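Below you'll find the structure, written out as structure tokens, and then a few comments.
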Amino acid sequence: MSQDEFRFCSVRTILSVIALLCQIAMTILSFCWLKESGANIFKGGVVLFFGGAAVTMALLINLSINWCGLLKKWEQVEGYFGHQKNLKLKFTLISILCIIFSMVEHLSYLLTGIITTKKESSQEVFEIYVLRMFPQVFNIITYNVWIALLVLVINSVSTLTLCFSDQLIIMGSIALGNYFQSFNDRMKMCKGKKLTSDQWKTLRVDYTRLCNLTRSLNDCLCHLLCVSLLLHLYIICVEMHQGVLEINENNSLGHYVHAILSFLVSSLRGCLLCLCSVNVYENSKLPKRSLYDIPQQSYCNEVEFFMLQIQKDHVGLTGSHMFLMTRRFLLTRNLSYYNTKTWRIKYTGNVGFISKHVLPKGHLWAALA
């Protein structure tokens with residue numbers, strides 16, 4: 001597997017580069033349309049979607065260049081720790097679930113737009129739908145069926161690009177977390193036993209191999225993880241505001257179905273992404289428990305070095321090397337978000353003031369106030 005080499009002239013590479021160029025073009029068109037029509041946080045989602053897909057595609061192409069080197073390091077560690085049981089089945093299940101959920105959410109978006117489109121004059125429903133959903137393209141380019149189909153394909157490819165990025169991070173996190181878990185099980189077997197200095201050195205070297213593999217994987221996935229977290233956070237906030245909290249009598253049932261589906265899919269994928277990436281760091285600290293319970297006769301310099309390495313060396317997945325994915329980080333970010341919302345409510349006044357002066361007429365909270 002690691003003998004495969006990246007080829008610039010392969011069909012997959014050429015198609016990936018074409019998709020990247022199309023996504024960059026859609027990002028530029030979306031930005032120009034946003035500048036002309038007036039920018040707001042909701043319209044900015046179009047720029048963020050295609051821009052995020054373009055950045056993700058570029059990072060995936062860069063990852064494919066470095067993929068062979070990563071596989072060689074992975075196979076070396078696999079030679080020491082052995083193959084993981086049922087890993088292929090887990091990967092297959094994750095791939096199927098990620099693709100199904102993403103395509104269901106994407107198809108609901110397309111179907112909702114088609115169902116809510118009303119036929120006007122002599123224009124076909126499909127033409128009106130495409131003109132309404134992609135104004136950034138057809139305000140500049142004259143409508144054409146083939147161009148409309150190309151735009152729909154680019155939109156679908158962008159969705160699958162973001163889906164594949166999440167899928168790749170989740171699978172890498174699960175496999176790496178399982179290796180740390182198996183190493184911890186090996187440490188538990190040595191619990192209470194008297195081991196020599198050479199045996200402790202062997203355990204420490206094996207742990208160092210896992211740490212080095214984690215750093216190599218993090219170098220390949222850290223930027224993908226950062227982009228993915230930003231996109232999920234934006235989608236969750238916007239969908240919660242527009243589709244879940246905001247009530248509009250003009251919106252159809254299909255609009256709310258899509259909003260709820262989009263919110264649920266983004267929330268599930270975001271939570272799974274965070275939990276799996278956090279699991280790598282948490283599992284890397286598990287051997288510390290076994291080291292605290294070793295008998296006095298087994299204590300030596302290698303044990304002390306091992307303890308210091310686990311305590312001082314923080315390994316795990318990061319977001320562009322800016323933050324380490326840990327439980328404390330996730331809880332801190334959530335509490336910061338909650339405190340910000342609480343501060344805004346206190347600053348603007350009580351709920352009655354918000355319902356009268358801030359929330360639109362007919363809003364659910366305004367009715368309850």
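Restricting Leu34, Leu48 to those that are assigned to a helix (DSSP H, G or I) and open to solvent by 30 Å² or more (accessible area, probe 1.4 Å) reduces the list to Leu48.
Residues in segment 303-326 include none that are assigned to a helix (DSSP H, G or I) and in contact with an Asp or Glu (Cβ under 8 Å, 6 or more places away or on another chain).
Could you please let me know if Val157 is touching a residue at least 24 places away in the same chain (Cβ under 8 Å), more than 30 Å from Leu291 (Cβ to Cβ), open to solvent by 40 Å² or more (accessible area, probe 1.4 Å) and within 29 Å of the chain's Cα centre (by Cα)? Against the criterion (touching a residue at least 24 places away in the same chain (Cβ under 8 Å), more than 30 Å from Leu291 (Cβ to Cβ), open to solvent by 40 Å² or more (accessible area, probe 1.4 Å) and within 29 Å of the chain's Cα centre (by Cα)), Val157 qualifies. Only one of the listed residues (Ser277, Ser298, Ser284) is within 22 Å of Met187 (Cβ to Cβ), buried (at least 19 other Cβ atoms within 10 Å of the Cβ) and either of a type outside the set (Phe, Trp, Tyr) or touching a Cys at 6+ places or on another chain (Cβ under 9 Å) (or both). That residue is Ser284. With respect to the conditions (1) within 16 Å of the chain's Cα centre (by Cα); (2) loosely packed, with under 14 Cβ neighbours inside 10 Å, Ile140 falls short on a single one, namely (1). Applying the set (1) modelled with pLDDT under 90; (2) exposed (fewer than 12 other Cβ atoms within 10 Å of the Cβ); (3) within 30 Å of Trp200 (Cβ to Cβ); (4) not charged (D, E, K, R) to Leu308 leaves exactly one unmet item: (1). Listed by first and then second residue, the pairs linking a residue in segment 313-334 that is under 21 Å from Pro287 (Cβ atoms) and open to solvent by 60 Å² or more (accessible area, probe 1.4 Å) to a residue that is part of a helix (DSSP H, G or I) and among the hydroxyl-bearing types (Ser, Thr, Tyr), with Cβ atoms under 8 Å apart and 6 or more places separating them unless they lie on different chains, are His314/Tyr281.
Residues that are at pLDDT 85 or above, assigned to a helix (DSSP H, G or I), charged (D, E, K, R) and open to solvent by less than 50 Å² (accessible area, probe 1.4 Å) occur in segment 65-86; there is at least one.
In the set (1) polar (S, T, N, Q); (2) in contact (Cβ under 8 Å) with a residue 60 or more places away in the chain; (3) under 20 Å from Arg215 (Cα atoms), Ser64 fails one condition alone, (2). Within segment 187-199, does at least one residue satisfy the condition of being out of contact with any Pro (no Cβ under 8 Å at 6 or more places or on another chain), assigned to a helix (DSSP H, G or I) and open to solvent by less than 30 Å² (accessible area, probe 1.4 Å)? Within segment 187-199 (the criterion being out of contact with any Pro (no Cβ under 8 Å at 6 or more places or on another chain), assigned to a helix (DSSP H, G or I) and open to solvent by less than 30 Å² (accessible area, probe 1.4 Å)), the answer is no, since none of the residues qualifies.
The values are calculated or read from the model by the stated rules, or taken from the named source; none is laboratory data. None of these values were measured; they are calculated from a predicted model. When we count neighbours, we look across all protein chains shown, and the Cβ atoms used for this are built from the backbone with ideal geometry, even at glycine. The area values use the complete protein model at the heavy-atom level, side chains included, leaving out ligands, DNA and RNA. Shrake-Rupley method; radii C 1.70, N 1.55, O 1.52, S 1.80 Å.
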